[in-house]
Amino acid sequence: MKRMIRYKVELKSPEAHLFQVVLDIPTPDPEGQLVTLPAWIPGSYMIRDFARNIVTLSAATGQSSLRAVKVDKQTWEIEPCEDSLQIIYDVYAWDLSVRGAYLDTTRAFITGTSLFLRVVGQDHMPCTVEFIRPVGEKYLDWRLATTMTVAEAVFLEFGSYRAQNYDELIDHPVEMGLFSYAHFQIAEVPHTVVISGQHRTDLSRLCDDLKTICDHHVSFFGELPKMDRYLFQVLAVGDGYGGLEHRSSTSLICKRTDLPQQAEKSVSEGYRQFLGLCSHEYFHLWNVKRIRPEVLRKADLSKEIHTTLLWAFEGITSYYDDLALVRSGRIDQESYLEMLAKQITRLMRTSGRFKQTLSEASFDAWTKFYKQDENAGNTIVSYYDKGALFSLSLDLLLRQKSGGRVTLDNVMRELWIRHGKTDIGLREGDIEKLTCDLSGLDLSEFFKCYLHQTDELPLKKMLYTVGIGMDYFPAIDKTDKGGLLKEKAIGKSTVLVLGAQFIAENRDIRLTAVNDGGAAQQAGLSAGDVIVAVDGVRVGADQLEECITNTSSDKIIKVHAFRRDELMVFNVQPQVAPADTCRLWIRHEDKEAGSRRNEWLGLNC
């Protein structure tokens, strides 16, 4: 029988948020064994230094203690020994996200990168993990949900699980606690939804909707990747949003009010957003987990791995996530266009789109997108939003130029066949070449302008080809994020703005960001300044907006603000609100374009 690396995970102290892991290595390196914890988790491109949460670490062989020396921020060297090696370490777990580890008296969650030390030189070795139920009466009904293969356990229960190697071990997050769960079937593969946190979800409706969306994605690619089970791990909280993909599961955080409520029939904006998130992560089963950049196939998790291809893996996925909702009939085309208009508006309100190309945004994810500061909107562009809108433009261009013969759908299916099923990684330029080869079109100028330069995307022109009108208007107020064109929603060009984002802070107003070239920036105001008065009168957040909108463009107002502990006065001349709010509408009069729109959106004529 092949010897295995064994981990035992105990919920040592939920009150102190401490896991204890016992790692048994049957054949350690005779020259001294190195063990290390990843610095980042695949799918989230930021150095997180998970090893900082290891509180204590000790090593022994039999009854003899061994010296463990830390050689860098995340690696330990254990002195040589002749027999098996055991390492015991405690991990502090208080990260309420989808990327780390969490433990309290109500719930536990781990990602492999945050908990399982890698045995250097033995990545190929099979592993087993035994999860020990916490001690105490209140934990008797706790369950455990993971897609790791069961060994001496059954699904949804504590016990032993196994993985073929370290790479597989760290790609199965684990949820523990008193969660709700429900099941449905896709392509003969069981799919399970577990929801932790307080909620009143209509699980039957949620499963019906998820089943329809998942069925659509499987039909899109022609097959489901090989797996024994798929798992949606959902944490319902008061305020939160996010997700992370894995090889046969996804970890999600959402507002509990975004989940479908009992007796609720309509699709709320929050539920629509949640379905889009689920759709996004499920699409990643193909695009990211199997179709992936060559540099990320066997990525070194101790340091940054740069690629210019994130626009394709996150951007294309962000295009298809909401598109799948309308194609699968979960939302109507008006709802889809409303979501699309908001996405376009987000891009238009980011002046960084003129300074950072889409390929640069991908490459700089580690240092810019995942480390945004108060000036981010002025300096970077989101490869999620612009990547999705680039994909939309490319899809509609392919449809137009090929007469509907070739679409981005065809490109994705071919990528699955050539790269996803073969595990051949993508290199820079491969997607552009494949798209040109499949379509027979010379798209070099398109990729040059919109991928490698900062030209504005041809959204208005492309949407026109499928019978959708588009234009930009000033925002009606600070809550206006774009949407469908309605007469009452057309903003007046005389609306004045400060050109800054701000939040209420007790009775004061703290600027969180100032826009390039805006009134606030030109007056010298900066992010972090605390506004206390306008023209000598104390104001709150709502009153500040009124002061700005009720003045005239030729009038100077005096803004009193604290910078650090110094009171300063700034002469601000409000500016006319920019036309950066997208409105879309269906051009019903163009029947031919309407037919193309129905084909694109998968609607029956």
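The values are calculated or read from the model by the stated rules, or taken from the named source; none is laboratory data. From a predicted model like this one, the values you see are computed outputs, not experimental measurements. Neighbour counts run over all protein chains shown; Cβ positions are idealised from the backbone, glycine included.
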note = Being assigned by TED's automatic domain parsing to the domain that holds residue 163, of a type in the set (Lys, Arg) and touching a residue at least 60 places away in the same chain (Cβ under 8 Å) narrows 12, 70 down to just 12
query = List the pairs whose first member sits in region 362-387 and is outside the structural domain of residue 511 (by TED's automatic domain parsing), whose second member is part of a loop (DSSP other than H, G, I, E, B) and among the acidic types (Asp, Glu), and whose Cβ atoms are under 6 Å apart, counting only residues at least 6 apart or on separate chains?
reply = 366/304; 378/516
request  = Among residues belonging to region 129-184 that are in contact (Cβ under 8 Å) with a residue 24 or more places away in the chain and of a type in the set (Val, Ile, Thr), point out the one that is surrounded by the fewest Cβ atoms within 10 Å (Cβ to Cβ).
outcome  = 132
ask   = Which members of region 28-82 meet the condition of being surrounded by fewer than 19 Cβ atoms within 10 Å (Cβ to Cβ), acidic (Asp, Glu), more than 26 Å from residue 306 (Cβ to Cβ) and modelled with pLDDT of 95 or more?
value = 29, 31, 79
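Conditions (1) out of contact with any Ser or Thr (no Cβ under 7 Å at 6 or more places or on another chain); (2) in contact (Cβ under 8 Å) with a residue 24 or more places away in the chain; (3) more than 20 Å from residue 386 (Cα to Cα); (4) among the basic types (Lys, Arg), marked per residue:
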{"residue": "403", "(1), (2), (3), (4)": "yes, no, yes, no"}
{"residue": "432", "(1), (2), (3), (4)": "yes, no, no, no"}
{"residue": "451", "(1), (2), (3), (4)": "no, yes, no, no"}
{"residue": "474", "(1), (2), (3), (4)": "no, yes, yes, no"}
remark   = Restricted to region 364-416 and to residues being of a type in the set (Val, Ile, Thr) and touching a Leu at 6+ places or on another chain (Cβ under 9 Å), the residue surrounded by the most Cβ atoms within 10 Å (Cβ to Cβ) is 381
key: Selected residue (criterion: farthest from residue 575 (Cα to Cα)) from residues of region 487-507 that are modelled with pLDDT under 90 and within 33 Å of the chain's Cα centre (by Cα)   = 506
key: Enumeration of residues in region 417-437 that are closer than 18 Å to residue 222 by Cα and either surrounded by 15 or more Cβ atoms within 10 Å (Cβ to Cβ) or touching a strand residue (DSSP E or B) at 6+ places or on another chain (Cβ under 7 Å) (or both)   = 419, 420, 421
note = So the helices (runs of 4 or more DSSP H) completely within region 513-605 holding 1 or more residues that are out of contact with any Asp or Glu (no Cβ under 8 Å at 6 or more places or on another chain) and at pLDDT 95 or above are 519-523, 591-601
note = Per the filter on region 263-284, residues outside any helix (DSSP H, G or I) and more than 30 Å from residue 364 (Cβ to Cβ) are 263, 264, 265, 266, 267, 268
request  = Considering each of 423, 409 in turn, give the residue that is in contact (Cβ under 8 Å) with a residue 60 or more places away in the chain, under 20 Å from residue 225 (Cβ atoms) and outside any helix (DSSP H, G or I).
outcome  = 423
Hits in region 268-291 - residues which are in contact with a strand residue (DSSP E or B) (Cβ under 9 Å, 6 or more places away or on another chain) and within 22 Å of residue 381 (Cα to Cα) = 273, 277, 280, 281, 284, 288
task = Please determine, by comparing only the residues of region 248-278 that are polar (S, T, N, Q) and over 12 Å from the mean Cα position of the chain (by Cα), which one is nearest to residue 423 (Cα to Cα).
result = 248
ask   = Restricting region 252-262 to residues that are part of a loop (DSSP other than H, G, I, E, B) and in contact (Cβ under 8 Å) with a residue 60 or more places away in the chain, which is farthest from residue 199 (Cα to Cα)?
value = 262
note = The residue from 289, 342 that alone is more than 19 Å from residue 582 (Cα to Cα), surrounded by fewer than 23 Cβ atoms within 10 Å (Cβ to Cβ) and modelled with pLDDT of 95 or more is 289
note = Selection from region 230-247 of residues surrounded by 17 or more Cβ atoms within 10 Å (Cβ to Cβ), closer than 26 Å to residue 178 by Cβ and charged (D, E, K, R) yields 245
key: Residue match in region 298-310 (condition: within 18 Å of residue 418 (Cβ to Cβ), among the aliphatic types (A, V, I, L, M) and either modelled with pLDDT of 95 or more or outside the structural domain of residue 36 (by TED's automatic domain parsing) (or both))   = yes
query = What number of residues in region 355-404 are charged (D, E, K, R) and touching a helix residue (DSSP H, G or I) at 6+ places or on another chain (Cβ under 8 Å)?
reply = 7
remark   = Within region 185-201, the residues that are surrounded by fewer than 19 Cβ atoms within 10 Å (Cβ to Cβ) and either polar (S, T, N, Q) or in contact with a strand residue (DSSP E or B) (Cβ under 9 Å, 6 or more places away or on another chain) (or both) are 185, 186, 189, 190, 198, 200
message = If I go through region 285-320 residue by residue, how many of them are free of Cβ contacts under 8 Å to residues at least 60 places away in the same chain, part of a helix (DSSP H, G or I) and among the charged types (D, E, K, R)?
response = 0
inquiry  = If I go through region 112-152 residue by residue, how many of them are assigned to a strand (DSSP E or B) and of a type outside the set (A, V, I, L, M)?
reply    = 7
query = Among the residues of region 363-393, how many are in contact with a Phe, Trp or Tyr (Cβ under 9 Å, 6 or more places away or on another chain) and under 27 Å from residue 305 (Cα atoms)?
reply = 16
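Here's the yes/no breakdown for (1) more than 23 Å from residue 408 (Cβ to Cβ); (2) not acidic (Asp, Glu):
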| residue | (1), (2) |
| --- | --- |
| 193 | yes, yes |
| 204 | yes, yes |
| 208 | yes, no |
| 221 | no, yes |
| 240 | yes, yes |
| 251 | yes, yes |
| 258 | yes, no |
| 272 | no, yes |
| 278 | no, yes |
